[in-house]
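Please read the structure below before turning to the comments.
Values quoted throughout were computed directly from the atomic coordinates according to the rules given, and no laboratory measurement underlies them. Owing to the predicted nature of the structure, the values given are computational and were not obtained by experimental measurement.
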């Protein structure tokens, strides 16, 4: 949860760790795949969208049930 006024954007981070045998690992400052950690403000998003909407599939002539439409979207 972000505090009010927190800026969005890429986040710098570091991770210190120990191996299972207790050996200290090197501090990690970046990902190995080039991805980034992004802090975003999602306070204006609708969290329960699927419970507050009715799903309609107009691609079939007879229609498709809401549960089947949801299944087709892989959610």
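General remarks:
- Region 8-23, residues that are on the phi > 0 side of the Ramachandran plot and over 19 Å from the mean Cα position of the chain (by Cα): 22
- One residue from 63, 5, 34 being in a loop (DSSP other than H, G, I, E, B), at positive phi and within 20 Å of the chain's Cα centre (by Cα): 34
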